[in-house]
Each structure stands twice: as C-alpha cells, then as structure tokens.
C-alpha cells in the first residue's frame, strides 16, 4: 500500500505558509507502518490539480488530498475529483442540512456559497465533519482510493484518525500486509557525516538488501549529525526488538571509532543532556559568554525547570566587562588564559558550583591577531580549571552557534568523566 | 518559465523534519516573478527519484532539486541525474582538490567517501561550494534544466542566490519575458494581521483587479507581521516607481491607524534597527535579562560590528544574581520596581550609556503570584527611568521570544522619541 499526499493551495507554492499537514501525515502514516513514497504541492488551478491527481494515481495506491474543500471560489478540489473520477457532482441534502444547522447554532446567516461544500462526486462516500463545515470525501477508483480532507490542520487530523487510517489499515489487511514501523534517532556531536557513515559502513552494507531495518544520516547543521534507525516488524514487539538490536550494534561501532559522541536520542537536545546531568548531581552552573553573546544561556533557559540548576550568566562582550566584572587580568581576551579566568569569574560572581566560559573570534574580522573561528572554552569544576581550544568553520552565525553547542559538549564530557 | 521544486530525503516523507527549503524557494521565486506550479517530496530511492524527475520534466521547464548530494551511501541524487540525462558520472579533479583542501584547513583527515561529492554527470556544470563540501550542479536537458543543490538550508540559499536565480532570470529574458518584478517588505511589530488588513483595506480592494501591484500579509510569528508589496513593470525604473508610489500610500495608512509600528524593510531586523540608532548617536547599551535568558544579547551580538555599541549583559536567572550582582532590592522579582532596578544595575555594572532589562514569567508555572506571560521591561536612558508592563500570549518559547523583540521595540521607540 503506497500512499501519496497531495497538498492543494497556492499559498504553499508561494511559501506563505509551511506545509505542516504533509509532515504530520507522513509521521503518522510511518508510525502505522504505511509507506508514503511521494508528496506533492499544487496550486488552486483546476487543470494542474487534475494533473497532480493523475500523476499520483499512476504511481501510488492511495492519495490523501489536503485542502481546497472550503466555500470560496478558489476551493476547487471537489470539481477536480469529479473530473478524475469522470462523474458529475451531486448536491448532498444531508450535508446541506448539517451546514445550515451549524450556522443556525451559532446564530449566523449562512452565506450561499457554503452550499458548494455539499457537492459530492457521484459514488464517493462522505466523512462527516465534527469541527468545521467542509466534509471529507472517500473516492474509490477501481482498486485505488482518494481521500480528500480540509487543509485546516485540526479538521484534517480528526478525519485522518477517525476515517482514513481505519480505512487504510483495512485495505492493507485485505492485501495481507500487517507490518509495524518504529524508529529511533541517535544524536551526535563532534564527528562529520562522512566519518559516521564510514564508522557504520559494514552495517550499512549488510542492510542494503534488508527490507526490515534501515539507517540514514541527517546533517542537522548546528545541532550535529543525527543517525536514524528504522525497523519494520510483524507487530510492535517484533519491530521494537529489531530496533533495539540494531541500536546496540550501531552504538558500538560509533563509540569504538569516536568515543562518547552520542549525547541524546530522538528529541533530546544538548541542553537537555546538560540539564539531566546537573539536576541528577545537584550542581549549579554559571556562564561567561563573549562571542556567543547569551546564546548558551538562552538555550539553557529554554529547558523548563532550568532555575533548579542554572544561576545565570555574564555576557562580557566588551573587554572592559571581562576585566571589571569577571576580574579577568588585562591582556589579550581571545586566549586560553582569558577563557580560564572568565570561567573562574563566572563561578565566583554568580555563586555557582561550575563556571563555563567561551571567548573567541566570530568574525568577519580577526581580533587580537586571531582568525575568525578561533575559540577557547574555559571550565571551572571542582578543583579543576581547564580550557579547550577549538577551530570552527563557517560564517559569523555558524561560528557562534558551533561555539555554543561545543561549549555545552565540553561540559557534558567533563561531567561524565567525573561521574 | 515554470519551475518545479523536488525535495529529496526519506526524512521528509517520514515527517521527521519540516521541508523549509521548498517554502523558502517558493517565496523567493515568487518575489522574483517566477512561477512554481508544483512541489514534490521523494525518498532516498533511486527508481523513485528518477520517476519524480521525469514527472517534473514533463510538466515544468526547470527543476530545483534539494538534497541527496552529501557524501554518504544514501546520497543518490547525482546518480539519478546521470540516469535522467543518460550520461555517465565523471570524477571532477577540481572538486576533489577543493574538498581535500577544506579538510586540510581544518586539520582533519578526509574520509574517502567524500570523493563521491566530486562526481559530476557528464555535461553538467558545477556550482562551487562556499560553505560546505558538496557542490551544486546545473544540468541542461534540451531547453529544460535541472539545478541540484544540497539540502542544508544555508548552502541551498547561497547557491540559489549566487547561481540559480541569475540563470533563471537569464533564461526568462531569452524567452522574451521582459517584465521586471520588484518587491519590498515592510516589517511591523505590534499590530495583528487582521488589524493591518483592515488598515490598508481600501488599497487592497482597489488593487484586486490590478495585475501590476499586489499586497500580501505574512504572519512571521515572533518577528511580527510582514506586509509585502510587489510591482511588475516594463523595466526596472517603471517597477521601482510603481513600488515607491504604493509604499507611500501603504505607509500612510498604517501610520494613521497604528503609529510608528514599521521598524524596518526587507531583511532589516529589530536588532538592525537598534544598531543603526545606537551607532548613529554614539550610545552604548547594557542588558539585564531574566526570562529571556540571553536571547536579547544573542540577537544584538548577531549584528556585525556590535562591539561599537553593545557592552554586554547580565543573565540574572536566579533571584540572588539580581540582588547580588545587579543590586536589585530584595523582594518580588517579577515587578515594575525590579525591572527598573535591573535596568539601573545593568547600566551601572556594565558601564553603559543605556540600561535595558526584562523580567517576567515564561511559564509553564506562575511565579511571585504572576501568571505566565506577565512581563516587565525596564529602561534607564539619560535621566529617565521607566518601565513597560506587557501581557504576552503563548507557551514558554513564544513568551520568551515575544519578550525579547518587545523589549527591543521599547528601546527603539524611546530612542526615536528622544531623537
């Protein structure tokens, strides 16, 4: 059963709104073991919608069409469905009554154009509305099927769960397919995408012809590289077991080559990893930031409950702020010595158990004779005071973002080393 | 010239990441007067990528393909291009050298699989990389063309602006399409989309049947509402004159209804507006941030040359940091008094001409008996000390982001008032 999603609306082509519907549908189809191999966006144009439907019917078994079912002149999905099915549109009196009743209940007069929403391609069945006015449609074409739902996300998700998913599952059963898909993302910082691919190369090759387990790499820019494992099993327990087994193998290969670069799984961010460790050990953190300019503090404050372990930070952007507020000795401020003094200063003036600092050159110009990308991380933890020197690539925003996650990773590794 | 966007990546079909690339491309094609009539998503599967390309070539004149150009085994866009063009892949030694040099500059050994990125379909031309390793490709097929770029957004946008857009514009000219489109975005903070639509309603109606000038509203979430004006003229001077005329009318209508809510145009951000004003008057700024946690500092440091006017900030997340470091009197820290004391403290300890502060409740829980969304902005400027009380909607990330831009807008208006 191959499902194709067709999102209808000129606003999608013009980039005026993001297409969250296709993303949501893709995620929920996959979670139910149903493959979606193609998505399309098409504008509010009759001929092009018909072309998009015909293209999708040629390469997929089922279409989910989102949008174009409303009451205005640019809502033309119904007419395009009728053309593809080669049937007329009939006005459905049950729907007419339902729409009239909905306006009546709100004490409003119904504009006549709302009745367009009661037009149904002959032979299609109706998915009743529970949240809005436009009903959904299920249109059979031989062994294939088109589901049409409104583009309003909470109407679409309701109809998907109530009518489309059960129908798809029933069709899959009739086809004899009952598999379940599950996946896990391993989040890494510190290795390149190509390096990771090489580390797990043997598994990648071994799985090339395996239709049960797949590995993919997602370069996520400033958040590192994600390794996604997906397993298809006969039922939930089977899929989970396949996934757990593959995760064990892949983790071993990655750790053997790169050490402890996996900082989290799925939606877990670097700051979540820090929060777990600090909270678990009852430690508080204070920051001194120069080129990152509050970026690290901002990420940490984004974690709900941060007040339990985050004291605050000093954004010492001007050198005098480093000297006067953090008691950094006068001298070059892009240096290992300055980073260590900033960490000591932050720990002291913020009354924290740990001081973490970043100083460096974000560019575009050099500073203190140092090139853009030269960054020093300072850490004052227990009776240790240390620094890490980094050379980071990219333009100003990337150097700042890389500095922020790199500094947090320095802290994560130090906390794990001491644990 | 009909452009189709094809985004490649199984992660898009599975809904694991949003397709921001197609949205960005759609918006930027439209802004340049180039139609995109279809978008497709396809997974990392050779046969299906080939099918998606052939489908797109049948109904569009130009394809922009995003993704699948990386160094790993699942990056197969190059091979699919070669199949559609019916040519072999040749290894390009110039690209090999560029990739080797990039790894060398970072002091890292290049994993061999990176050389896959140097494979070029015979006859294609190369879009050199300036930000990563995988080059882009321009593949001509008769009168049609496929542009292939990496899926990493900042590499994609760079190649679009540097190579694809100029090539598309040249092709349009060669086709005899000579009208010129120009557009301008007015950036506002403080009015709703429907309020703005009402303010400019008379122009919106007047332009309904005008095929030269259009107005669109783009709700941009935490960055306010954008009003985009687009004009199509016979040449650059004509388009510019139409645009300037419309901008004058629209600005007048907005200012009449809402006052000074337009803070910038096009890519100008709120922090750019602050930078211009502070630099122009030779003033320096210091911050005290509580719930925003460094978000404001981080935005300001994002402006190149910020060191000329930005001293730094104190992220006083724990109450004790407010009392001890900023000398805020002990008492409730979510209050107008605390905001003013924080502004005074920031100005003093950071040695700045202006102190700006934010304190409030980001949620999810209330604090000091105040509900989430309760925010106070403090400002110490010249001999004035004042506060602004805000009630902001949304969840924790939105309240924090709204607080940051609102505080900067308070400063912008104060600087303009005093100018």
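So how do A:272, B:19 line up by other beta-carbon neighbours within 10 Å, fewest first?
A:272, B:19
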Shielding of A:299-309 by partner chains, average beta-carbon count, 10 Å: 4
Relative contact order for segment B:287-394, counting Cα pairs under 8 Å that sit 6 or more residues apart, in percent: 25
GNM result for chain B, Cα springs below 10 Å: residue of B:97, B:271, B:223 fluctuating most strongly: B:97
Within segment A:2-175, percent of DSSP bridges classed antiparallel, to nearest 5: 40
Part-to-part distance (alpha-carbon centres) for segment A:24-78 and segment A:357-419, which is given in Å: 47
Computed helical MRE - 222 nm, chain B, DSSP H runs ≥ 4 contributing -39500 (n - 2.57), nearest 500: -12500 deg cm²/dmol
Principal-axis tilt of helix B:270-281 within chain B, Cα atoms, nearest 10 degrees: 60
Shielding of A:390-396 by partner chains, average beta-carbon count, 10 Å: 3
Inter-centroid distance (Cα atoms) of segment A:159-212 relative to segment B:94-146, Å: 29
Sorted by Cβ density within 10 Å, fewest first, the residues B:161, B:289: B:161, B:289
With Cα atoms, 0 to 90° folded angle of helix A:396-418 axis to chain A main axis: 70
Relative contact order (%) - chain B, alpha-carbon pairs under 8 angstrom, separation at least six: 9
Helix B:46-59 vs. chain B, principal-axis angle (Cα, 0 to 90°, nearest 10): 90
Fewest-first sequence of A:310, A:103 by Cβ atoms within 10 Å of each Cβ: A:103, A:310
Inter-chain shielding of A:49-58 (mean C-beta neighbours from other protein chains, 10 Å cut-off): 2
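Only the coordinates and a few stated rules stand behind these numbers; no lab work does. Predicted, not measured: the structure shown is a model, and the values here were computed from it. Ideal geometry is used to build each Cβ from the backbone, glycine not excepted, and the neighbour counts take in all protein chains shown.
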